[in-house]
1. Tell me, which residue of segment B:469-515 that is crowded, with 20+ Cβ neighbours inside 10 Å and among the aliphatic types (A, V, I, L, M) is nearest to B:Thr127 (Cα to Cα)?
2. Counting only residues that are over 15 Å from B:Ala136 (Cβ atoms) and touching a Phe, Trp or Tyr at 6+ places or on another chain (Cβ under 9 Å), which one in segment B:401-420 is surrounded by the fewest Cβ atoms within 10 Å (Cβ to Cβ)?
3. What residue, among those in segment B:202-237 that are buried (at least 19 other Cβ atoms within 10 Å of the Cβ) and more than 9 Å from chain A (Cβ to nearest Cβ), is farthest from B:Val249 (Cα to Cα)?
4. Can you tell me which of B:Ala422, B:Ala428, B:Ala462 is among the small types (Gly, Ala, Ser) and farther than 21 Å from B:Lys148 by Cβ?
5. Collect the residues in segment B:5-37 that are more than 19 Å from B:Val196 (Cα to Cα), within 14 Å of another protein chain (Cβ to nearest Cβ) and either modelled with pLDDT of 75 or more or buried (at least 18 other Cβ atoms within 10 Å of the Cβ) (or both), keeping them in residue-number order.
6. Among the numbered criteria (1) surrounded by fewer than 17 Cβ atoms within 10 Å (Cβ to Cβ); (2) over 18 Å from A:Trp8 (Cβ atoms); (3) not small (Gly, Ala, Ser), which one does B:Leu260 miss?
7. Quick one: B:Val170 ticks every box in (1) surrounded by fewer than 24 Cβ atoms within 10 Å (Cβ to Cβ); (2) in contact (Cβ under 8 Å) with a residue 60 or more places away in the chain; (3) assigned to a helix (DSSP H, G or I); (4) in contact with a helix residue (DSSP H, G or I) (Cβ under 6 Å, 6 or more places away or on another chain) bar one, so which box is it?
8. Considering B:Tyr210, B:Tyr195, which residue is farther than 26 Å from B:Phe308 by Cα and assigned to a helix (DSSP H, G or I)?
Amino acid sequence: MEAWMLLWKIVLIAGMVLFGCMAVWVTIWGAFDVKKMLQSINSEHESGATSPDEMEEAINN
Amino acid sequence: MIDSILAETNFSTIDWVIVIVYPMISLGIGIFVSRFIKNMNDFVCAGKGLGTALGVATLTGTELGLITVMYSSQKAFGGGFATFHIALIAGVVTFFVGVSGFFLYRLREMQVLTIPEFYERRFDRKTRILGGIMMAAGGILNMGLFLKIGSMFIVGITGLSENSWALPAVMVFLISLVLVYTCLGGMVSVVIADYVQFVVLSFGMIFATYLSIKNLGWTNIFDSIVELKGEAGFDPTIKDASKGVGFGVEYIVYAAFGGLVSCAIWPTSVSRALAAKSPKTVKRQFTFASVSYMIRFLLPYFWGICAFVWIMNEGGELKELFFPSVEGVEAKSDLYAMPMFLGSILPAGVIGLITAAMLAAFMSTHDSYLLCWSSVLTQDVIAPLMGDKLSPQKRIRISRILIVVIGIYVLGWGLLYKGSLAIFDYMAVTGAIYFAGAFALLFCGLYWKRASSTGAFWALIAGSSAILGLDPVQAFLRIKIAPERITLMSVLLTTIVMIAGSLLFPDKNNKAAAVKEFSSEV
C-alpha cells in the first residue's frame, strides 16, 4: 500500500506542475492562434476558395 | 436541520454577479463570430485552421466538461486514490496516440469531416449511413444526463439544493443558453469558448486543489483514506466483490480501452483532430493534450476524495446526510458531495469564478456535443439519403434544427431517467454502443487491407450489444453483468464479426488501395 500511496502522490504533484506549465503556454499561444484562425477564415472567403462539401456539390450537379 | 446543511455555502452576491455575467460574455462571442460562418466547413471544422495551442485548449475545453468533473468526483468519492489509475492510464494512452498518430494521423490525411465519411470512402454508403445513425444514437444517449448532472453542480455549490424547484429551473435556463449559443456560431464559436474556458478553468482548478489541501491537510487526506478505505483505497488491482469496493484487473483493462476511445475514437475528440491545420499538428496537439487528458480526471478525483474526507472528518449531521445510520432513510446523492465541499471551503469571489468556469465547461461540452451529433446526422445520414442534393446553407439550417431537437431530448431524458449506475459507467455503456463498432471499423479499415463493407456493416450492428450494460435493460432481461465486462465483450464481439465478415464476404472493389493513394497524395 505504501508504494501505491507514493505513486499517487507523485502522479498528483507532477500532474499539477505539468498542467500549470501547459496552462501558461496555451493561454499565451492560444490567443495568437485565435487571431490567425479568424484571419485565415476571412481570407479564404475573400479569395473565394471552396470547401470540400461545396466541391462535392459542384461535382454532383 | 438537514435543509440548513444543504444551504451552507460561501456563495455570495458577488459570486452570483460573476456567474451571470460570464455566460453573457460567451453569448456575445457567439454573436460576434457568427458572421465568420459561411459554409459547412466553417460550421463543423472552423475552416480547418486550428493551431497547436488552440487545438490543445479546445480539446481540453471539450473533454474537461462539468459532467467529467462530476462523474469523476463521484467515482473517487467511493473508490479513493485507487481511481487515480484511470487518470494515469488516460494520460499515457493519449501520449501514445499523440506520438504515434494512431488512427488520427491517417484520418486527418484523408481530409474527412466526420468518421462516417471515412466509412463511405473506405467501405460504402450504407455503412456510412448506419455508422452515422449508430454514432448519433450512442452519443445522444450518452449526453442524456449531462444537463441534469451539470445542474446538480450548480444547485449544490450555490446552496439551492434544498429547493425542489431549483434543479429543473437551472436545467431549463442552461439548455436554453447553450442552444442559442451553439446555433449561432458553430465550431468557430465553440473553439473560442473552449479557449476562454481553458484559461479560466485551468487556473481555477489548480487554485481550488491548493485550497482543498490547505483546508484539510495533505497528510490528513491520505491518512483518512488509509483509515476509512484501507488498501482498496490505493491499490486498483484489488477488488472485493462482496463489499462492492475496489476495481480489479478487468477494470484496469477497461480503463485503458476507455483511454484510447476518449482520445482517438470519440467523435468530439476526433473532430478536433480533423479540424487541425495538418496531420503533423494533430500529433503535436494530442501529445501536449495528454496532460489535459490525465488532469481532467485527476483533479476532480482528488476533489471527490477531499469531499469524502471532509464529510467523514466533520461527522454529525453532514455524515448522516450522505451515510444515514437509520434504516429506510434515503442517502443524499453522492454527486452533491463535491460541490458542497467546494462551496464550503472556497472564499466568496473565488467560488463565483470557479462556478463560472464550471459553467463554461458545461457550455463548451454541450455545444461541442450538440454540434457533433447534429452535424453527423446532417452530413452522414440526411445528406446521403437525399442524394447529396442539399446546399451548404440547407445543411447548416438542418444542423441547427437538430441541435434544438437534441437539446429538448436532453432536458426530457435528464428529468425522466431513473437508472442507478454510477454516471461514469452510464457514460461508458452508452458510449460503447457507438465505439465498440467504431473501433473495429477504424482499426481494420485503416490498417487491414482485406476489411470489407459487409464485415463493417455487421460489426456496426454487433456494437449495439453494448446496450445490455444499461441497468434498466438488465432489469428487463433479468441479468446482472458488470458494465466493464459488457463493454469489453462488445468490443471483442464487433472485432470478431468484422474479421469474420470480411473474410467470408470480401469486397469486389476493395477501397483499401484508394485510401492509401489518397493519403500519399497529401
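1. In this case the residue turns out to be B:Met498.
2. Looking at the filtered set, the residue picked out is B:Tyr417.
3. Ranking the candidates gives B:Gly204 first.
4. Values: B:Ala422 fails: farther than 21 Å from B:Lys148 by Cβ; B:Ala428 fails: farther than 21 Å from B:Lys148 by Cβ.
Going through B:Ala422, B:Ala428, B:Ala462 in turn, just one is among the small types (Gly, Ala, Ser) and farther than 21 Å from B:Lys148 by Cβ: B:Ala462.
5. Taking segment B:5-37 first, the residues more than 19 Å from B:Val196 (Cα to Cα) are B:5-14, B:16, B:35, B:37.
Filter again for within 14 Å of another protein chain (Cβ to nearest Cβ), leaving B:35, B:37.
Passing the criteria: only B:Ile37.
6. The number of the failed condition is (1).
7. (2)
8. Values: B:Tyr210 fails: farther than 26 Å from B:Phe308 by Cα.
On inspection, the qualifying residue turns out to be B:Tyr195.
The values are calculated or read from the model by the stated rules, or taken from the named source; none is laboratory data. If you're wondering where the values come from, they're calculated on a predicted model, not measured in any experiment. Methodologically, a virtual Cβ is constructed for each residue, glycine included, from the backbone with ideal geometry; neighbour enumeration extends over all protein chains shown.
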